[in-house]
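A short worksheet on the structure shown next.
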Amino acid sequence: MNRRLEQLVQRAQQLYDDLGLDAVRAWKDATGGKAVGHLPIYVPRELIHAAGMLPVGIVGGGDRLEIIRGDAYFQSYICHIPRSTIELALSGRLDALDGMLFPSICDVIRNLSGMWTMLFPERYVRYVDVPQNYDPRVGGAYWRRELEQLRDDLERLGGRPVGDDALRRSIAVYNENRRAIRELYRARSLRPWVYPTSELHLMMRAGNLLPPEDHTALLRDYLAEAPLEEDRREQDRSRVVLVGMFCEQPPLGLLLTLERAGCWVVDDDLLLGLRWILDDIPTAGDPLENLVQAFLEQSTPTASRYEPDGKRGAWLLESVRRNHAEGVIFSAPSFCDPALLEQPMLVAALEREHVPHTEFKYSEDTGQFAVIREQAGTFSDSIRLWSEA
Ligand code: SF4
């Protein structure tokens, strides 16, 4: 690996391993600012940034954290991310956060928000109840009120007003970041051997801890450096779309396993919150209203978002078509209600179009990949055999 690319990957790996938020502490020491954490998937990070604070994405402890106290807070038959997030907090690893936002993705996150309020009464906590009605007069008006209240809260926490001009500047900063992410996803779809998903995921994860300006610079450097790596040559593998990973993230080893099993991932729903808004948000006019309109009209389709009847699965078929995918792998966290309840509808949509698919479950701390490797390898082989036939 060339030296510059190696440095970029090492930097992203350091941030991936930074469960104690050392990078956030360093940012706070350097700027004197505050930091606000948020759970997956969508919160309006622009508002936090405009308040002069650092938005910090929290996605649990992955496979690098021993759960000692976190298990006592939850029953065994739910996903893993809430127990590792509680573990991170109880062990002091999240002490750098001055506040925490819990977006309304599912009941587990809702309950976690209540626990936080009881466990850390001195810290700012807000449950961000995103609308499921996309009519501007109903869901739009509601979301506007929520954003106004969130802005008021952040002004109190940050000790300064969040003016329209500051919010416009933050929207522009995040437009740049989303543009770089879209470029990276397009580049990976065209040449997945140049931008392997296990590496792309590290680059994306850095966006949870870095200020958006620094994350955009990291992505642009990576986009430029990865193609210079001479060893990265096209190989005969199956092109697949990964679905179900929008909240609890899989261990990196699982993504590596899929690649070693003969799959090129050409699209995925990992870390969806960083690319929830699909296009640029206008910076002219009322910036709060622009955030509202972006949410109503430019949100990415996913399991936790309301879709009118008959449209479930349309986005997945479009992703398969746009990325020239040959199959779909449903890979969801165990006990993830949003992902697993949506799966039959997505499967039905794929079967109507004869798109091959397979499914397995994981936990963020899954450590054994032999079965997944066999299953993904068999799936990849069968796709290639069918396409030759
Ligand atoms: S992994 Fe699924 S069930 Fe668990 S918190 Fe996330 S969305 Fe909810």
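The values are calculated or read from the model by the stated rules, or taken from the named source; none is laboratory data. Just so it is clear, the structure is predicted and the values come from calculations on it, not from any experiment. Here the Cβ positions follow ideal geometry from the backbone for every residue, glycine too, while neighbour counts run over all protein chains shown.
Here Tyr77 meets the list (1) more than 16 Å from the ligand (Cβ to nearest atom); (2) in contact (Cβ under 8 Å) with a residue 60 or more places away in the chain almost entirely, failing just condition (1).
Exactly one residue out of Met118, Met100 is among the hydrophobic types (A, V, I, L, M, F, W, C), touching a residue at least 60 places away in the same chain (Cβ under 8 Å) and either more than 21 Å from Ala339 (Cβ to Cβ) or part of a strand (DSSP E or B) (or both): that is Met100. Screening the stretch 135-244 for helices (runs of 4 or more DSSP H) wholly inside it with 2 or more residues that are over 15 Å from the mean Cα position of the chain (by Cα) returns the ranges 141-158, 164-190, 212-225. Could we say that Glu248 is charged (D, E, K, R), at pLDDT 95 or above and touching a Cys at 6+ places or on another chain (Cβ under 9 Å) here? So Glu248 passes the test.
Restricting attention to the stretch 223-245 and to residues that are surrounded by 13 or more Cβ atoms within 10 Å (Cβ to Cβ), at pLDDT below 95 and of a type in the set (Lys, Arg), the residue that is farthest from Asp381 (Cα to Cα) turns out to be Arg232.
Ala187 - would you say it is modelled with pLDDT of 95 or more, closer than 22 Å to Asp279 by Cβ, surrounded by 17 or more Cβ atoms within 10 Å (Cβ to Cβ) and not polar (S, T, N, Q)?
Values: modelled with pLDDT of 95 or more: yes; closer than 22 Å to Asp279 by Cβ: yes; surrounded by 17 or more Cβ atoms within 10 Å (Cβ to Cβ): yes; not polar (S, T, N, Q): yes.
Answer is yes for this residue.
Only one entry in Pro192, Pro212, Pro131 is touching a helix residue (DSSP H, G or I) at 6+ places or on another chain (Cβ under 6 Å), within 19 Å of Arg275 (Cβ to Cβ) and in contact (Cβ under 8 Å) with a residue 12 or more places away in the chain, namely Pro212.
Under 21 Å from the mean Cα position of the chain (by Cα), in a loop (DSSP other than H, G, I, E, B) and in contact (Cβ under 8 Å) with a residue 40 or more places away in the chain, is that true of Glu248? Walk me through how you get there before you give the answer.
Values: under 21 Å from the mean Cα position of the chain (by Cα): yes; in a loop (DSSP other than H, G, I, E, B): yes; in contact (Cβ under 8 Å) with a residue 40 or more places away in the chain: yes.
Here the answer is yes, as Glu248 does meet what is asked.
Given the criterion within 13 Å of the ligand (Cβ to nearest atom) and either within 29 Å of Glu213 (Cα to Cα) or buried (at least 24 other Cβ atoms within 10 Å of the Cβ) (or both), identify the matching residue among Gly60, Gly52. The match here is Gly60.
Candidates in the stretch 284-306 are the residues that are away from the ligand (no atom under 16 Å from the Cβ) and in a loop (DSSP other than H, G, I, E, B); of these, the one that is nearest to Gly139 (Cα to Cα) is Asp286. Residues of the stretch 290-308 that are surrounded by 15 or more Cβ atoms within 10 Å (Cβ to Cβ), touching a residue at least 40 places away in the same chain (Cβ under 8 Å) and not polar (S, T, N, Q): Leu291, Val292, Phe295, Leu296, Ala303, Arg305. Looking only at the stretch 335-389, residues that are exposed (fewer than 12 other Cβ atoms within 10 Å of the Cβ) and β-branched (Val, Ile, Thr) come to 1 in all.
If you scan the stretch 258-271, which residues turn out to be more than 16 Å from the ligand (Cβ to nearest atom), surrounded by 24 or more Cβ atoms within 10 Å (Cβ to Cβ) and not in a strand (DSSP E or B)? Matches in the stretch 258-271: Leu258 only. Restricted to the stretch 85-135, and to residues that are within 16 Å of the ligand (Cβ to nearest atom) and of a type in the set (Phe, Trp, Tyr), which residue is surrounded by the fewest Cβ atoms within 10 Å (Cβ to Cβ)? It comes out as Tyr127. Against the definition (without any contact (Cβ under 8 Å) to a residue 40 or more places away in the chain and either assigned to a loop (DSSP other than H, G, I, E, B) or in contact with an Asp or Glu (Cβ under 8 Å, 6 or more places away or on another chain) (or both)), how does Lys361 come out, yes or no? Spelling it out, it is not the case that Lys361 is without any contact (Cβ under 8 Å) to a residue 40 or more places away in the chain and either assigned to a loop (DSSP other than H, G, I, E, B) or in contact with an Asp or Glu (Cβ under 8 Å, 6 or more places away or on another chain) (or both). Within the stretch 307-320, one or more residues are outside any loop (DSSP other than H, G, I, E, B), modelled with pLDDT of 95 or more and of a type in the set (D, E, K, R).
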